[in-house]
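Read through the structure below, which is laid out as structure tokens, and then see the notes.
None of the figures in this text is laboratory data; all of them are computed from the coordinates on show. The structure presented is a predicted model; accordingly, all values stated were derived computationally and were not measured. Here the Cβ positions follow ideal geometry from the backbone for every residue, glycine too, while neighbour counts run over all protein chains shown.
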Amino acid sequence: MHERSSVAELAKSLKDELDRYSVGGKLPSSRALVERYRVSPVTVSRALAQLAAEGLVVTRPGAGVFRAEPRAHTARSGDTSWQEVALSAEGATELVPRAVDASGVLVTLAAPSTGVIEFNGGYLAPGLQPERAMAAALARAGRRPGAWGRPPVDGLTELRAWFAREIGGTVTAAEVLICAGGQSALTTALRALAPPGAPVLVESPTYPGMLAVARASGLRPVPVPADTDGVRPELLAAAFKATGARVLVCQPLFQNPTGAVLSPARRAEVLGIAREFGAFVVEDDFARRLVHADAGPLPAPLAADDPDGVVVHVCSLTKATSPSLRVGALAARGPVLERLRAIQVVDSFFVPRPLQEAALELVGSPAWPRHLRSVAAELAARRQTMAAALAEHLPEVDLPHLPFGGYHVWLRLPDGTPESALTAAALRAGVAVAPGRPYFSAEPPAAHLRLSFAGVAGRSEITEGVRRLRTAYRETGAAATS
């Protein structure tokens, strides 16, 4: 059982029992709760902390946990209807209203219920995360002189230098800014490169979190179709010409959701087209550290082949480590670097120094390459398990590309398949999947699903999850034809 579900279940049980105690009455000791519910001391501690946060119990160090005084109910619930006018009024003067739709992001962040297989996740399962190495790195970082002081606003020099070496080419530490993860870096880049109301070219399909960032910034995402070799150059040139856009956002390596890798010939074409139209290329290099063990040599980042400052490079440690190690980098050269720096400072001042120090300790430890090799081997095995299960249980579904990096596969459903109904039926069958609609900035050409194989506990869950998806597919297929 997942720790988070154990905590939730214990907290519910304790709530149900609170009426047995008078106000001020003492609850059983932590040791007694551990024995009664057969859970770990950490689970008990977190469940009691949850009740304390809700004002249901009071913790007195050295004395125990006691039932709290009931909170007084306010007589007036309030009327927030005025906010509908306030929030919509700005849209009257904006070219692109900044309504924020986070549904495509939330589906990959939501914790599934107990017993539901998580094919919709965007991070490594706890068993694949380098938890011991991260804990050791954090402990060492906390003992570093000045670790809790104010860091340089651009980030620790040593960490910037490490990211610069990882990017390669002629990129230097002076051209790198440390950011709070890839999502924060994308937000900073789009705000720096395009004014509200401007078009921004995006691959189709593409990462919903980037689409949400663009729309929240008042930008207008314009789709450019991509295939298994990446974004199509002839359509990219036409889109730049038709829209006057000055920004392209792309994921050249193991693109989300298709898994495509931008081909060598297209790399040069994409950069050449961007130079021709005086445009920036935001390179989201999110999956480089999720290469599979059976993949060949990786192409260098676009930024490594760009002396002219066309590319603004985004990368992060988060995907290869833990959702909470939100440390990433922005790399750029030329005047745009100062604009990126200014926006980041205004938004967040800096990334907390202890987190930067811990990241530096982690990537400099012998455990880091061992972790990357372990993840590469396991992701390759999981990809093969997923492909075999789909071929056996869902042969009707098209898997157009089997990636050799990243953590998911992209499925095209047969024509007429009701995507939203299938997603709902899958959840009833005990498997959470990501629907394809949020990955398109315009009308999708067909129904799709994205299935992640990195967030589940093991390979057996992958096979069982596909079996459950087959049950849901039969249910919705029968409904569609009846």
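Summarising the label geometry, the points placed 7 Å from Cα in the beta-carbon direction at residue 370 and residue 52 lie 3.6 nm from one another. Gain on full extension, evaluated as 0.36 nm per residue between residue 139 and residue 114 minus their Cα-Cα distance, stands at 5.8 nm.
What ranking, highest mean first, results for peptides 316-323, 35-42, 458-465 when packing means the other Cβ atoms within 10 Å averaged over each residue?
Most protected by this proxy first, the peptides run 316-323, 458-465, 35-42.
Extents of the chain, taken as max minus min of Cα coordinates on every principal axis and listed largest first, are 75, 67, 55 Å.
For the chain, the dipole from Cβ point charges (+1 on Lys and Arg, -1 on Asp and Glu) about the Cα centre works out to 1520 debye, to the nearest 20.
Would you mind computing Rg(Cα) / (2.2 N^0.38 Å) for segment 115-213, counting N as its residues?
Relative to the rule-of-thumb radius for its length, segment 115-213 sits at 1.42.
In summary, the lysines within cross-link reach of residue 15, defined as a Cα separation below 25 angstrom excluding same-chain residues under 8 places away, comprise 26.
Based on Cα contacts under 8 Å between residues 6+ apart, the chain shows a relative contact order of 18 percent. For a modelled paramagnetic label at residue 324, 7 Å from Cα along Cα-to-Cβ, the residues of segment 349-377 in reach, with backbone nitrogen under 19 Å, are 351-363.
The label-point distance for residue 420 and residue 79, in a model that sets each label 7 Å from Cα toward Cβ, rounds to 3.3 nm.
Can you figure out the FRET efficiency of residue 276 with residue 300, using R₀ = 30 Å and their beta-carbon distance, to the nearest 0.05?
Values: r = 22 Å, r/R0 = 0.74.
Approximately 0.85, to the nearest 0.05.
Taking the Cα centre of segment 281-408 as origin and assigning +1 to Lys and Arg Cβ atoms and -1 to Asp and Glu Cβ atoms, the resulting dipole is close to 480 debye. Between the residues 226, 124, 170, the greatest Cα displacement towards the positive end of the dipole of the chain, with unit charges on the Cβ of Lys, Arg, Asp and Glu, is found for 124. With equal scatterers on the alpha carbons only and no solvent term, can you work out the Debye log10 of I(q)/I(0) for segment 3-67 at 0.19, 0.21 1/Å? Log-scaled intensity ratios, in q order: -0.65, -0.80.
Neighbours of residue 365, meaning other residues whose beta-carbon lies under 12 angstrom from its beta-carbon, give a summed charge of +2 when Lys and Arg score +1 and Asp and Glu score -1. Here segment 405-482 and segment 137-155 have alpha carbon centers that stand 43 Å from each other. Note: relative contact order over segment 131-363, using C-alpha pairs below 8 Å and six or more positions apart, is 30 percent. Remark: segment 131-363 carries a charge dipole of roughly 680 debye about the Cα centre, counting +1 on each Lys and Arg Cβ and -1 on each Asp and Glu Cβ. Taking every DSSP bridge with both residues inside the chain, close to 55 percent are antiparallel. Just to confirm the number: angle between the C-alpha axis of helix 131-142 and the first principal axis of the chain, 0 to 90 degrees, nearest 10? Helix 131-142 sits roughly 90 degrees off the main axis of the chain. Of the three principal axes defined by the Cα atoms of segment 239-304, the extents in descending order read 41, 21, 16 Å. What the Kirkwood sum gives for segment 131-363 is a hydrodynamic radius of 18.0 Å, with every pair of different alpha carbons counted.
Normalised by residue number, the volume inside the convex hull of the Cα atoms of segment 260-386 is 141 Å³ per residue.
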